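A short write-up of the structure that comes next.
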Amino acid sequence: MTWFNEENTVEQLVLDTLTDKDNQWCVAEPQADFFDSHLTLQLANLRWHFVPAEDLPRQHSDVLVEPMLREALIRLNPEIKAQPDRADDILYRLRAIIMSVTSEGLVRANELFAQWLRGEKSMPFGDRGEHTPIRLVDFDDPNNNQYIVTNQWVYPIQEGGRRFDIVLLINGLPVIIGEAKTPVRPAVTWVDGASDIHNGYEIGQPQMFVPNVFSFATEGRAFHYGSVRMPVEMWSPWKAQSVKDEVRSLKNESDLHPSLFTLQTSSGLREVQQAVRDMLRPHVILDILQNYTLFATDKKHRRIKIICRYQQYQGANLLVSRVVKGYPKKGLIWHFQGSGKSLLMVFAAQKLRMHRFLGNPTVIIVVDRIDLDTQITATFNAADIPNMVGANTRQELHGLLAADTRKIIITTIHKFGEAEGRLNDRANIIVMVDEAHRTQEGDLGRKMREALPHAFLFGLTGTPINKRDRNTFWAFGADEDEQGYMSRYSFQESIRDQATLPLHFEAVDVRLHIKKEAIDQAYAQMTDSLNEEDRDDLAKRAAKMAVLIKAPTRVQAICEHIANHFKTRIEPNGFKAQVVTFDRECCVLYKKTLDKLIGEDASAIVMHTQSGKSDIYAQWKLDKDQEEQLLDRFRDPNDPLKFLIVTSKLLTGFDAPVLQVMYLDKPMKDHSLLQAICRTNRTYPGKTHGLIVDYLGIFDEVATALDFDDQAVQQVISNLDELKKELPGVITRALAFFPGVDRTLGGYEGLMAAQDCLPNNETRDAFAAQYSVLSRLWEALSPDPCLGPYEKDFKWLTQVYQSVKPGTDKGKLLWHALGPKTITLVHENVHLETVRDDLETLVMDAEVLEGLLDGQDPDRKSRVIQIKLIARLRKHKENPKFVALGERLEKLKERHEQGLLHSLDFLKELLTLAKEVVQAEKQVDPVDERDKAQTALTELFTEVKSGQTPIVVERIVADIDEIVRLVRFPGWQNTKAGEREVQKALRKVIYVKYKIKDQDLFDKAYGYIRQYY
């Protein structure tokens, strides 16, 4: 049998794809040209040429292939061509930067080298000694560059040096380094490759990464990339995205080329191949180097390198493409909250300002609120974007536009609302409006169009815009765009790509629970346009709600819950919290109550206040600098400030990745609700999700979006003779997914042929379900001789399954995008963690929620719990106590079917019954179960015992029984921690104490333990 390994699958796939072995480089439909029109065909035909590492003209200690670089310097620089010795001066300076990495640090050395790569450095090579720019790379005509791909590059010495799997060189400069891992070992993922680069190569051989644009890692199931010193958890996938709609909207097809995006429909090796073919094209790498790479200073004054995510690259290039072509003159970008809209604007502004065909344009960044102004301005400032100016008043904005200023101008939406008449007629003005859905307030979109009649107008938003938002679509949506959007990046995509985290939801039923109807009635009158004072007035009119919310007993109960929840669930993991209250009075009430529970230093209020004695909240006023210092303290995980108490501030535009939980005690809906809860979805080391704790039942309707997969309930089969009869059919059904596939073909061609038979989620799910049946059947029958004839087919199916299955429990991949049926974004993506915090009324645990689908039948939740109860009761069918519980279940079902029990009440009764079943199980005499487990293990060890086995079967079984019972706990099979502890205990007995080095025996013993313990 031919085996699949790292070299003949993933590494060879990348090399063959880059050198276009399958002639697919230009097969895609014509796409929009994001470079310059006259280079279209040349860009599409650029290729990498493979040269074995040992054939390159370099010593193992050389980072640069200097003969190639010298030749490029002479070819691209007339001043050096006139005096070739000048190339030595450049090479000397480049070597000096590489050597300085040990003193400067990798990011700084990489930044200095990038300045040379981007043509930002000059030398006194002119006729009169004047400085002339030096080009290491030709961005204007990429055909003038030399593109080499090689593998197994050794540095810095041949014996004992580091071996890099894949290296891409432009003009002898190693700009890309790739790490390939095996696709058929479940324990190995792209994370291992990325860790090798980040934790090994960049530290041990930093010189190799001084010229680096980015690195990538893949194990054949996923492709991720990152810049130097970027933490592995921040490495991003690269997904090609169809822009067919954009192409159809363009009239001049001579301006198109098949270069940038293809439609993503496949997975595994095919998806990796698409990512390689899309991202590692020479001109895309040059585009990322020139326009989509930033060096910034973080909050701790450290230099960091930022590289674009694919949705930022695609969205910004679509925007730039429209400006270069001159039509359409507008577009709407919806990228979900937290997915990097601010950086998209930075990248787009940077590329627009530098574009040689746009004639030094003006770029205007328009934000909708002062705090958003601060965030975006901070993003631009941190990235050292040149020629940027703020327009804080109407007069400043008018003055800048009247003076025909050619810079990046940042201003607020309201400055345009105050504009009258035309401010500038020029056509190369590009306006980008953040949170564009708010422009429906006062027809601000029309105001901007009147003030800048010939400008390009692009809207960006992090929340969905529905068709009722007519003003938004009129101002920004182009007729050429289906559904009104130029670019869309959804919540499920951002979670899949780890750009944001999923949101978990806990509803807390306080004793004075406020009915949702009362909230809806009061909040129906509220709109986002109200200022703080108007909201306070409205709250007073909603007297019933305000009185209930502010009842001292309720405030005390909620604050006690917050303090306890935070101390037990959030603080041990190093995260922080935001408390969102009904109004400013509640901010103060909660602060005073929390101070008694957690101390005064642990929390702070941030809210709108007025100056003067008229404002009773003036004592909480913070000026801009004080507020920023406070927020920096909150972002610092080591600072004792743990809580921010707010009512309207910091619910939009506030970014603090260390924030995990929002304690929500304020009625909110639509854009405001979605923006607020997404404060918790930013990625952060060790953070797996954002958490919303809801005290008002705002998300009660989310329950209707929960559904469960009945097919996940698996039938238990115990008769071995029946299983043997089923085996041939199960194998045949699994192999039926791969008609015509040659199972003797190895390498990536064989694996790809198999993966091509699983083209979509539905087929992969069906195969996974069939393979799961086969895998359990195989384990149940092993080591029966009946398995022999099917062993090769089973191993082949296992390798294929491992190559397409999702990533580990670390959440690196999602098996599905969330389903299309759910109507609203919140319903689609925010799921329940628990329904009631007191755990007496309603409990929905993680196992139940894993069966969640996106159907519309809320009664299916109850059916799943029924199935689970019936399965538990059947285990004790001879016990009278459990027979009585079963009869209660039947009566419950009858009452529900007769309409005597509402669905929610039926669910509560079911969960109460489930709790009693668990309690009853705890009281069952465990002797019978223990005997069953020990008998099963005895049979196993008797079966495998040989004359060389230096132990007594009864002793090893007794030892296993004793140690496993000490460490296992109810439900341990469903948790990674439980599995680890039991496996560790088992190893201590088999491997350590009895010195039996038999992996097969260990696997079988563990299988029995999972079943019987």
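General observations
Yes/no matrix, rows are residues, columns are (1) more than 25 Å from Asp404 (Cα to Cα); (2) acidic (Asp, Glu); (3) assigned by TED's automatic domain parsing to the domain that holds Pro142; (4) in contact with a strand residue (DSSP E or B) (Cβ under 6 Å, 6 or more places away or on another chain):
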residue	(1), (2), (3), (4)
Gly315	yes, no, no, yes
Val320	no, no, no, no
Lys351	no, no, no, no
Ile365	no, no, no, yes
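- Residues that are of a type in the set (D, E, K, R) and either without any contact (Cβ under 8 Å) to a residue 12 or more places away in the chain or surrounded by 20 or more Cβ atoms within 10 Å (Cβ to Cβ) (or both) within the range 203-232 comprise Glu219, Arg221, listed in sequence order.
- Of the residues making up the range 189-223, those that are of a type in the set (Val, Ile, Thr), more than 15 Å from Glu11 (Cα to Cα) and assigned to a loop (DSSP other than H, G, I, E, B) are Val210, Val213.
- Residue count for the range 623-640, restricted to those that are at pLDDT 90 or above and within 17 Å of Ala378 (Cβ to Cβ): 10
- Top-ranked residue of the range 169-188 - restricted to ones that are of a type outside the set (Val, Ile, Thr) and in a strand (DSSP E or B), ranked as nearest to Gln802 (Cα to Cα): Ala180
- Residue in the range 158-168 that is touching a residue at least 40 places away in the same chain (Cβ under 8 Å), in a loop (DSSP other than H, G, I, E, B) and closer than 20 Å to Ala96 by Cα present: no
- When each of Arg118, Arg93 is tested for being under 15 Å from Leu286 (Cβ atoms) and charged (D, E, K, R), the lone residue that passes is Arg118.
- When Leu651, Leu664, Leu641 are checked against the criterion of being closer than 26 Å to Ser494 by Cβ and either more than 25 Å from the chain's Cα centre (by Cα) or surrounded by 23 or more Cβ atoms within 10 Å (Cβ to Cβ) (or both), a single residue qualifies: Leu664.
- Checking Gln158 against (1) under 16 Å from Pro52 (Cα atoms); (2) at pLDDT 95 or above, the condition it does not meet: (2)
- Count of the range 663-678 residues which are in contact with a strand residue (DSSP E or B) (Cβ under 6 Å, 6 or more places away or on another chain) and part of a helix (DSSP H, G or I): 1
- Residue within the range 153-171 that is polar (S, T, N, Q), surrounded by fewer than 21 Cβ atoms within 10 Å (Cβ to Cβ) and assigned by TED's automatic domain parsing to the domain that holds Pro211 present: yes
- Any hit, the range 253-265, residues being at pLDDT 90 or above and either of a type in the set (A, V, I, L, M, F, W, C) or assigned to a loop (DSSP other than H, G, I, E, B) (or both): no
- Scanning the range 587-634 for residues that are buried (at least 18 other Cβ atoms within 10 Å of the Cβ) and of a type in the set (Lys, Arg) yields one hit, Lys591.
- For the residues Leu318, Leu352, Leu343, the requirement of being within 14 Å of Ala478 (Cβ to Cβ) and not in a loop (DSSP other than H, G, I, E, B) singles out Leu318.
- Residues (hydrophobic (A, V, I, L, M, F, W, C) and under 27 Å from the mean Cα position of the chain (by Cα)) located in the range 169-180: Val175, Ile176, Ile177, Ala180
- Assessment of the range 36-47 against the conditions (at pLDDT 95 or above and either in contact with a strand residue (DSSP E or B) (Cβ under 7 Å, 6 or more places away or on another chain) or in a helix (DSSP H, G or I) (or both)) yields no matching residue.
- If you go through the range 551-604 and pick out every residue that is in a helix (DSSP H, G or I), among the small types (Gly, Ala, Ser) and over 27 Å from Cys678 (Cβ atoms), you end up with 1.
- Set Leu73, Leu117, Leu112: member being farther than 23 Å from His355 by Cα and either surrounded by 16 or more Cβ atoms within 10 Å (Cβ to Cβ) or touching a Lys or Arg at 6+ places or on another chain (Cβ under 7 Å) (or both): Leu73
- Members of the range 111-136 that are under 12 Å from Phe209 (Cα atoms) and in contact with a Pro (Cβ under 8 Å, 6 or more places away or on another chain): Phe113
- The residues of the range 76-86 that are farther than 10 Å from Ile134 by Cα and crowded, with 16+ Cβ neighbours inside 10 Å amount to a single one, Arg86.
The values are calculated or read from the model by the stated rules, or taken from the named source; none is laboratory data. Worth saying up front: this structure is predicted, and the values here are computed from it rather than measured. Here the Cβ is made from the backbone with ideal geometry for all residues, glycine too, and neighbour counts use every protein chain on show.
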